[in-house]
Amino acid sequence: MIANELQMPPAIACPWINEDDWSRWVGADPRIGPTFEAWHTRSESHIVKLTALGMPVEKVAISFDEFTAWANGSKRPNDAAARSDYAALLLRSREQSH
């Protein structure tokens with residue numbers, strides 16, 4: 001491991017959804033936002049703010065079907081906290097496989 005890896009904080013996983021699945025996400029969690037564009041703008045703004053604070057952020061694509069299976073198996077609701085936790089789980093898994 002090189003010195004820079006020791007000093008870099010772990011990336012914050014930002015759950016990223018596909019616009020094609022928007023209606024499914026809204027059907028499962030109406031609080032996600034009124035439109036894909038509104039959700040996208042809010043998410044991008046959040047990433048910019050975190051990055052400006054020096055926090056590395058990584059967009060993590062999440063599949064509606066895979067997330068739903070995980071949430072049901074974990075007895076988690078389909079909400080922002082669960083999507084964030086699932087994205088973090090995927091990111092950790094991806095980092096450990098490298």
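The values are calculated or read from the model by the stated rules, or taken from the named source; none is laboratory data. Predicted model, so just to flag it, every value in this text is computed and none were measured. So basically every Cβ, Gly included, is an ideal-geometry build from the backbone, and we count neighbours across all protein chains shown.
Output the residues belonging to segment 36-70 that are surrounded by 12 or more Cβ atoms within 10 Å (Cβ to Cβ) and over 22 Å from Ala11 (Cβ atoms).
Across segment 36-70, the qualifying residues are Phe36, Phe64, Thr68.
Give the residues of segment 55-80 that are within 9 Å of the chain's Cα centre (by Cα) and in a helix (DSSP H, G or I), sorted by residue number.
Ala80
So which of Val57, Val48 ends up being in contact with a Ser or Thr (Cβ under 9 Å, 6 or more places away or on another chain), modelled with pLDDT of 95 or more, of a type outside the set (D, E, K, R) and more than 18 Å from Pro30 (Cβ to Cβ)?
On the way: Val48 fails: in contact with a Ser or Thr (Cβ under 9 Å, 6 or more places away or on another chain).
Of the residues listed, the single one that is in contact with a Ser or Thr (Cβ under 9 Å, 6 or more places away or on another chain), modelled with pLDDT of 95 or more, of a type outside the set (D, E, K, R) and more than 18 Å from Pro30 (Cβ to Cβ) is Val57.
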